[in-house]
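Colleague: Before anything else, here's the structure in question.
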Amino acid sequence: MTKINFQYVLFHKIHHQDIAYAWNQHVQTKKELSEQEIIQIGYWYRSWLTFLNGQLKHKTIQREELINWATMHSRLLPEKLLTIFPSMSYAATKDVLGQIKHPYTDDMLQYHDKILDVLRLVNSKVIQTPIKVELTLESLLKLQRFSKLLIQLDGVDHMPTILSKAQENFGYQRVIFHSYNPWLHEFSNVYGSELHKVQILKGKLEEVPVFAIKKPLYLEQPAPYINPIAIDILNLSTIIFIPIQQNGQLFGWLTFDQCGMPFSYSEEEMHLLEEAGNLLGCYFSRTRSTQRLLHDLKLTDKDLAVLFLLAEGFSNKEMAELLVVSEYTIRDYIQKLLTVFNAKNRTQIIATAFRMAVLE
């Protein structure tokens with residue numbers, strides 16, 4: 001008996017770019033949507049696909065994670081968009097399942113509709129208790145410009161460009177990114193202008209208490225929360241901290257300040273910067289554009305399925321059961337991956353695939 005829930009998350013992992021394209025095709029037919037509404041619902045859908053991609057490690061959609069994601073993100077959309085989102089998502093998924101002639105299309109669509117039922121339930125609660133903070137068109141256009149920038153770039157090497165454009169786009173004199181290292185439990189890399197100065201901000205989380213708070217934070221006065229030496233060298237006054245995270249994974253923090261000039265903030269401004277942080281979280285967690293690379297490597301959907309499961313730590317026996325093939329077949333797939341990536345073992349397959357951006 002095929003486990004449709006696993007097939008569902010695997011399908012989204014492999015075909016998320018095709019699904020996003022199908023979604024965009026449907027959006028273009030919605031003449032009743034304004035430019036502002038297209039921006040809003042487009043961001044929501046990209047984040048939705050990122051969430052689904054991250055569920056492969058569970059082999060199914062975790063209901064609690066789904067509810068948490070929906071609760072957080074549904075508050076970003078007005079009632080009109082919350083209402084039409086499920087039907088548009090269903091249509092995009094159905095299109096791609098039909099295009100690839102998936103053998104379990106009907107079962108997959110039934111499962112997809114059950115997932116959407118959870119979204120509908122959460123959305124109905126949000127509609128009944130809407131949030132007070134809404135982004136103006138000006139703020140949405142700032143988010144759109146930032147999103148377009150991130151789409152054009154890829155990887156941490158472009159952080160200097162991203163930070164420079166963020167300063168210009170959001171109106172701050174200094175934006176710094178503090179990169180989190182979960183193995184050392186510290187912020188081990190810092191990016192920003194005056195690099196020799198900002199490097200002093202890195203260190204253990206316990207040494208910089210504000211980093212222990214995983215939500216946007218405004219500090220009118222940084223002392224005593226930040227190292228006094230850093231306050232002096234960087235001429236810090238008022239500062240805003242925005243966590244960069246996606247699906248529970250913390251990538252680091254963005255800090256915004258005016259190089260010593262105090263400033264106030266509004267709920268809309270904090271909401272705007274939080275959404276910018278969410279976009280950057282998607283940037284770090286998304287799959288890099290690899291379609292041409294995958295074509296050159298001649299990797300099939302089954303090859304990718306084995307590679308993704310391999311990276312998640314599944315054994316040959318587990319992969320065989322999930323993909324409904326024999327363990328001998330799984331060994332054949334792994335042997336092909338060893339050849340494609342010129343690797344000596346499974347670890348090298350994963351390491352090389354990460355370096356080539358085939359894996360996230």
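Colleague: Every residue in the stretch 20-38 that is farther than 20 Å from Phe284 by Cα and among the hydrophobic types (A, V, I, L, M, F, W, C), please.
Modeller: Ala22, Trp23, Val27, Leu33, Ile38
Colleague: From the residues in the stretch 215-261 that are among the charged types (D, E, K, R) and either open to solvent by 60 Å² or more (accessible area, probe 1.4 Å) or at pLDDT below 75 (or both), which one is nearest to Glu168 (Cα to Cα)?
Modeller: Here the residue is Glu220.
Colleague: Now for a different question. Pull up the stretch 236-259, narrow it to residues that are assigned to a strand (DSSP E or B) and under 10 Å from the mean Cα position of the chain (by Cα), then point me to the one that is farthest from Trp69 (Cα to Cα). Quick ask: steps written out before the conclusion?
Modeller: Quick first cut of the stretch 236-259, residues assigned to a strand (DSSP E or B) only: 239-246, 249-257.
When the remaining residues are screened for being under 10 Å from the mean Cα position of the chain (by Cα), the result is 244-246, 249.
Details: Ile244: 15, Gln245: 12, Gln246: 10, Gln249: 13 Å.
Filtering the stretch 236-259 for residues that are assigned to a strand (DSSP E or B) and under 10 Å from the mean Cα position of the chain (by Cα), the one farthest from Trp69 (Cα to Cα) comes out as Ile244.
Colleague: Still on this structure, I have one more. Show me the helices (runs of 4 or more DSSP H) entirely contained within the stretch 1-105 in which 3 or more residues are farther than 22 Å from Leu143 by Cα and in contact with an Asp or Glu (Cβ under 9 Å, 6 or more places away or on another chain).
Modeller: 4-29, 79-99
Colleague: Mind listing just one residue for me: the one in the stretch 154-173 that is outside any helix (DSSP H, G or I) and modelled with pLDDT of 90 or more and, of those, farthest from the chain's Cα centre (by Cα)?
Modeller: Gln173
Colleague: Could I ask something else about it? Looking only at residues in the stretch 114-142 that are loosely packed, with under 14 Cβ neighbours inside 10 Å and in a helix (DSSP H, G or I), which one is modelled with the lowest pLDDT?
Modeller: Gln128
Colleague: To continue, here is another question. Those residues that are touching a Ser or Thr at 6+ places or on another chain (Cβ under 8 Å) and among the small types (Gly, Ala, Ser), I need them from the stretch 23-38; list them, please.
Modeller: First, the residues of the stretch 23-38 that are touching a Ser or Thr at 6+ places or on another chain (Cβ under 8 Å): 23.
Residues satisfying the conditions do not exist here.
Colleague: Right, another one. Residues in the stretch 16-35 that are open to solvent by 60 Å² or more (accessible area, probe 1.4 Å) and not charged (D, E, K, R): how many?
Modeller: Looking only at that region, the number is 5.
Colleague: Test Ser264 against the stated conditions and say whether it is modelled with pLDDT of 85 or more, crowded, with 16+ Cβ neighbours inside 10 Å and part of a loop (DSSP other than H, G, I, E, B).
Modeller: Taking the combined requirement at face value, the residue does not satisfy it.
Colleague: May I pose another question? Within the stretch 298-318, how many residues turn out to be closer than 23 Å to Lys101 by Cβ and open to solvent by less than 50 Å² (accessible area, probe 1.4 Å)?
Modeller: Residues of the stretch 298-318 that are closer than 23 Å to Lys101 by Cβ, as a first pass: 298-309.
Next, only the ones that are open to solvent by less than 50 Å² (accessible area, probe 1.4 Å) stay: 299, 303-309.
So the answer is 8.
Colleague: How many residues does the stretch 328-353 hold that are without any contact (Cβ under 8 Å) to a residue 24 or more places away in the chain and either open to solvent by 40 Å² or more (accessible area, probe 1.4 Å) or assigned to a helix (DSSP H, G or I) (or both)?
Modeller: Of the residues in that region, 14 qualify.
Colleague: Please name all residue pairs, on different chains or six or more residues apart, with Cβ atoms under 6 Å, provided the first residue is in the stretch 95-106 and is touching a residue at least 12 places away in the same chain (Cβ under 8 Å) and under 15 Å from Gln17 (Cα atoms) and the second residue is of a type in the set (Gly, Ala, Ser) and open to solvent by less than 50 Å² (accessible area, probe 1.4 Å).
Modeller: Close Cβ pairs satisfying both conditions: Asp95/Ala22; Val96/Ala22.
Colleague: Okay, moving on. Of all the residues that make up the stretch 42-77, how many are among the β-branched types (Val, Ile, Thr) and under 13 Å from Ala20 (Cβ atoms)?
Modeller: So the first thing to find is which residues in the stretch 42-77 are among the β-branched types (Val, Ile, Thr), and the list is 50, 60-61, 67, 71.
Then keep just the ones that are under 13 Å from Ala20 (Cβ atoms); that gives 50.
Counting residues in the stretch 42-77 that are among the β-branched types (Val, Ile, Thr) and under 13 Å from Ala20 (Cβ atoms) gives 1.
Colleague: So which residues in the stretch 1-12 are open to solvent by 30 Å² or more (accessible area, probe 1.4 Å) and either closer than 15 Å to Leu109 by Cβ or modelled with pLDDT of 90 or more (or both), if there are any at all?
Modeller: The one that is open to solvent by 30 Å² or more (accessible area, probe 1.4 Å) and either closer than 15 Å to Leu109 by Cβ or modelled with pLDDT of 90 or more (or both): Asn5.
The values are calculated or read from the model by the stated rules, or taken from the named source; none is laboratory data. Since the structure is predicted, the reported quantities are computational estimates derived from the model, not experimental observations. Positions of Cβ are generated from backbone atoms using ideal geometry, with glycine treated the same way; all protein chains shown enter the neighbour counts. Protein only, heavy atoms only, side chains kept; ligands, DNA and RNA dropped before computing areas. Shrake-Rupley method; radii C 1.70, N 1.55, O 1.52, S 1.80 Å.
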